[in-house]
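Can you keep this structure in mind? I'll have questions shortly.
Values quoted throughout were computed directly from the atomic coordinates according to the rules given, and no laboratory measurement underlies them. Note that the structure is predicted; figures quoted are calculated from it, not measured. For neighbour counting, all protein chains shown are included, and Cβ atoms are generated from backbone atoms with ideal geometry for every residue, glycine included.
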Amino acid sequence: MRGWRTIPALKGYRVALMYPKKPAPQLTVSMVHEGCTNRPFFTIQARNHLQAANDPGLEQLGSWDPLVNTHGEQLVGVDIGRLMHWMAHGARPSLGVARLFGLAGVLPIHPSSELEALRLGRRLSAAASVKATGGGGGAAGGR
């Protein structure tokens, strides 16, 4: 069985109970929610994948403000050099980080982003065809 210690750590001892080995730490680059309920704000951190969400990460790499400002922009600030440093040392980006940096052009575009764009395009073309034919399916007067 993988992950379970069946051989005693010290010579001359026997294993009475089987305890699981502690998993090896894996580095991830993930987003940590720092804002309030109605005002989200995320910091992008290099961290151990087993750390709790409220524990400080190994290094803060940047931040992301998903709410649109007065100019219609979402603000993202990232130290790209440090991001590439952690990824060169084996850190894996989380799904949210991979999608965000794929759209920003830092990483390859994530397949879920392409799938979401395809579905949105189909939905918009279906809505445009319904609008062009004049159909709506509802009564003329409405309520």
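Fewest first, what order do F41, F101 take by the number of other Cβ atoms within 10 Å?
Values: F41 16, F101 23.
With the sparsest Cβ surroundings first, the list reads F41, F101.
Obtain the nm distance between the two label points defined at N48 and D65 by a simple spin-label model: each point lies 7 Å from its Cα along the Cα-to-C-beta direction.
Label-label distance for N48 and D65, simple model: 3.3 nm.
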